[in-house]
1. P(r) tail for the chain, what percent of Cα pairs lie past 35 Å?
2. Suppose a student asked you for the relative contact order of the chain, using Cα pairs under 8 Å spaced at least 6 residues apart; what percent would you report?
3. Treating the Cα atoms of the range 171-239 as identical point scatterers in vacuum, please give the log10 of the normalised Debye intensity I(q)/I(0) at q = 0.12, 0.14, 0.18, 0.22 Å⁻¹, two decimals.
4. For q = 0.11, 0.16, 0.17 Å⁻¹, what log10 I(q)/I(0) does the range 1-65 give under the Debye formula with an equal point scatterer on each alpha carbon and no solvent?
5. Give the lysines whose C-alpha is closer than 17 Å to that of Lys75, dropping any in the same chain fewer than 8 places away, or say none.
6. In the range 144-231, what is the count of Lys pairs whose alpha carbons are under 22 Å apart, counting only pairs at least 8 residues apart or on separate chains?
7. Name the aspartates and glutamates eligible as straight-distance cross-link partners of Lys94: C-alpha to C-alpha under 13 Å, and not fewer than 8 places from it in the same chain.
8. Quick one: compute the contact order of the range 144-231, relative version, from alpha carbon pairs under 8 angstrom and 6+ residues apart, as a percent.
Amino acid sequence: MTIQHLKTNNLILFEAISGSRAFGLATENSDTDIRGVYYLPKEEFYGLNYIPQISNETNDITYYEMGRFVELLQKNNPNILEMLASPEDSILQKHPLMDMLKAEDFLSKLCKDTFAGYAVSQIKKAKGLNKKILNPIEKERKSVLDFCVILEGAGSVSLKKWLSENGKMQEKCGLVNIGNTKGMYALFYDKSDVLGYKGIIQQQEANQVSLSSIPKGEHSAAYLFCNLDAYSTYCKDYKDYWKWVSERNEDRYNVNQEHGQNYDSKNMMHTIRLLQSCEHIFKTGSMQIRVTNRDELLDIKSGNQSYESLLQKAEDLVKSIEHYHAVSVLPDTPDLAKTMEILVEIRERLYS
């Protein structure tokens, strides 16, 4: 099933412009996101072809089946609540039956977890991005060898430096465990190239050192320490960093580089907006989609505020949300029975 199929067969119940344009935060470069609700024909709903969601290739146009839509409303999903509460000038079409669903019937104290909880996760994401921007990882991947050192007196020297300065090759080295230690090895060297030592690693991608059989009478050339925990952490960071590089939005990344604040300013703008929206819910018991502080939020998007000041703003909003949540008269959860009755009635009318 496609979006065109929904439109051709008049299955769309609700359609609205969402995102920045609905919030009143659009600029000349803003995309136009569309969100909507559809219903499945009776035969498909009762059959084995239930389709909960349909999107285009770029996911900037998404429609939710009525049942899935109500399910997400019951969970106080921020995007879905905001879609239901869309400003009149953002609504493109609306079936009269959609008037039976009102955002106020779904608002509950769950919003603290869904709105503020999601915002806090975005702050953590921003911190991770901040770390990636400030600490780029070289494309050339390090090996276990880079996490090995040779003990010298009361100190140590990197393995690669020790090999270079002593004219040795890692392939001619042999390691044996030192009992009752972690990561410590005695290192032997095969000058004759006949003892068949396995080397410190046998291939560049090895995730641990190799151990060799050492003939009796051989004397160790040095003691080696390998920090495999640090290597494991590096491998994870390397994978995460280069996955981020391959998937990042280059236009947004370049904007972030230009303003020099080392955070995703668009992400932080929406994070602050989401926290302010959550605060409004618990203050008033209602939703406000169109922002009243456009200039402040666009100033954040432009990167004109420091990363630290935004984190402080977010922390202050979280504290305010905690306060208003504690005194709010909103129910702990939506009235599931009532909203389910509404869903059933809508379907009965659609299928009658």
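1. 48
2. 20
3. Those come out to -0.34, -0.46, -0.70, -0.95, one per q.
4. Calculated log10 I(q)/I(0) at the listed q: -0.30, -0.57, -0.62.
5. The qualifying lysines are Lys102, Lys109, Lys112, Lys338.
6. 17
7. Cross-link targets: Glu15.
8. Values: 162 pairs, mean separation 32.3, N = 88.
For the range 144-231, the relative contact order is 37 percent.
Bear in mind that the values in this text are calculations on the coordinates, not laboratory data. Note that the structure is a prediction, hence the values are computed from the model and not measured. Cβ: placed from backbone, ideal geometry, glycine included. Neighbour counts: every protein chain shown.
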